[in-house]
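Some notes on the structure that comes next.
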Amino acid sequence: MSNWSGVTTTCLISLMAWPALKLQQRFADRTKPDMQAFGGYALFFTFVFLLKWLLPMDAKPKTDENVNIIGRGVLYYTCGLFSFTSVMSFIFYLDKMGFVKGYIDMYLESGERYFNTSTGTLLLLWDFMVHLSLYITIIYYIDNKKDCRNLVIYWGCTMMTSVFTLLIAAMSGSYGTEMHSGSWLNIPYVTSSIYFLLKFLTQPRYFPKYKTYCKDKPNLIDVFLALGLAVGLIFNFVRGLSSLNSPFPLAQLYALEYEPYILHPTNLGRAWMLFMLFCGSFLQVVLIFGLFQTNASWMLDWSIVYTAVTCHE
């Protein structure tokens with residue numbers, strides 16, 4: 001029988017985000033924006049303590065041969081905490097869209113003002129729709145002793161992509177002079193996503209003994225996939241040149257006629273294009289190479305990484 005205790009508990013206490021934000025909006029001192037990060041971290045630690053008290057760590061030692069099947073630990077409580085913050089993101093999104101009022105004004109004033117942009121608003125919705133689903137699923141997998149490797153790799157990459165592109169754009173663009181202490185609340189997102197991504201990528205993938213994974217030579221599907229990746233590689237190159245305001249005619253044409261937001265002073269478009277030029281292009285080259293290798297089991301992980309990075313398009 002499936003164990004839903006962790007999912008149910010996490011979802012219920014994540015609803016505390018509503019009164020928590022309302023209290024912060026009402027009692028926060030607008031004259032001291034530097035206290036935003038302190039209050040945020042205090043709330044984070046309180047939530048983790050409550051979650052750990054309600055859902056204690058596993059007492060039984062791990063005995064499964066699959067290292068990607070884990071018990072309640074740091075990853076489990078990290079997902080619980082970020083489920084809480086994903087609900088906060090959704091409340092911010094609802095406030096930005098006018099469905100509710102009085103939840104985000106204080107945070108936009110003394111926190112992360114770049115959420116005023118269309119990109120920032122959509123990332124709030126992305127955090128709720130995609131990341132919350134991943135957190136809940138990972139919690140369910142851990143409670144039911146299932147392999148959560150693919151989910152963690154996907155979450156780590158999509159989180160890094162969201163946070164890195166948003167913060168780099170904010171610091172280098174027109175919002176660079178308006179960075180407040182609230183931006184330091186992104187540190188747990190960056191550090192945890194990098195840590196768990198590297199941890200699971202360096203662990204061996206478990207293949208059931210009753211299944212065989214063998215590839216002797218490339219097939220027609222591999223050829224078509226490689227051609228698609230090659231076209232994407234050229235596309236990234238043109239968009240990257242456009243983001244750098246290159247005088248190259250094709251780059252100028254693309255920036256002016258197709259995606260003019262690339263050159264917007266906020267740098268949100270430019271940061272994304274440069275991220276895809278370097279990270280996305282590297283992954284495409286790796287995947288093209290792997291398609292023509294025999295028994296390249298590492299392609300499973302790198303395919304997930306590439307999917308997570310490009311899903312923001």
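Some observations on this one:
- Around the amide H of Val100, modelled in the peptide plane, lie the amide H atoms of Asp95, all under 5 Å away and 5 or more residues distant in sequence or on another chain.
- For the chain, complete DSSP H runs whose alpha carbons reach 20 Å or more along their own long axis and whose mean Kyte-Doolittle score is -1.0 or higher are 35-54, 74-96, 149-172, 187-202, 220-243.
- Per-residue 3J(HN,Hα) values for the range 100-110, derived from phi via the Karplus relation 6.51 cos²θ - 1.76 cosθ + 1.60 with θ = phi - 60°, read 9, 9, x, 10, 10, 4, 5, 5, 5, 6, 10 Hz in sequence order (x marks Gly and Pro).
- Zero-based 5 Å bins, Cα pair distances in the range 270-313, whole percents: 5, 23, 30, 21, 12, 6, 2, 0
- Computed over every Cα-Cα pair of the range 106-165 and binned at 5 Å starting from 0, the pair-distance distribution P(r) comes out as 4, 16, 22, 20, 15, 11, 7, 4, 1 percent.
- The mean sequence separation of alpha-carbon pairs under 8 Å and at least six residues apart, normalised by the residue count of the chain, gives a relative contact order of 20 percent.
- When all alpha carbon pairs of the range 153-238 are counted in 10 Å bins from zero, the resulting P(r) reads 13, 23, 30, 21, 9, 3 %.
- For the range 220-313, the relative contact order comes to 30 percent (Cα pairs under 8 Å, sequence separation of at least 6).
- Legend: Rg and Dmax of the chain, from Cα coordinates, 21.6, 67 Å.
- Assuming charge only on the beta carbon of Lys and Arg (+1) and of Asp and Glu (-1), the dipole of the chain about its Cα centre is about 700 debye to the nearest 20.
- Rg over Rh, two decimals, the range 221-296 (C-alpha only, Kirkwood Rh): 1.09
- Taking each DSSP H run with n ≥ 4 as -39500 (n - 2.57) and averaging over every residue of the chain yields -20000 deg cm²/dmol at 222 nm.
- Cross-link table Lys52/Lys101; Lys145/Lys199; Lys52/Lys96; Lys146/Lys209; Lys146/Lys217, entries beyond 27 Å C-alpha to C-alpha: Lys52/Lys101; Lys52/Lys96; Lys146/Lys217
- Peptides 1-10, 106-115 ranked from most to least packed give 106-115, 1-10, packing being the mean of other C-beta atoms within 10 angstrom over each peptide's residues.
Values quoted throughout were computed directly from the atomic coordinates according to the rules given, and no laboratory measurement underlies them. Bear in mind that the values here come from a model prediction, so they are computed numbers and not experimental data. Cβ sites come from the backbone with ideal geometry, for glycine too, and all protein chains shown count toward neighbours.
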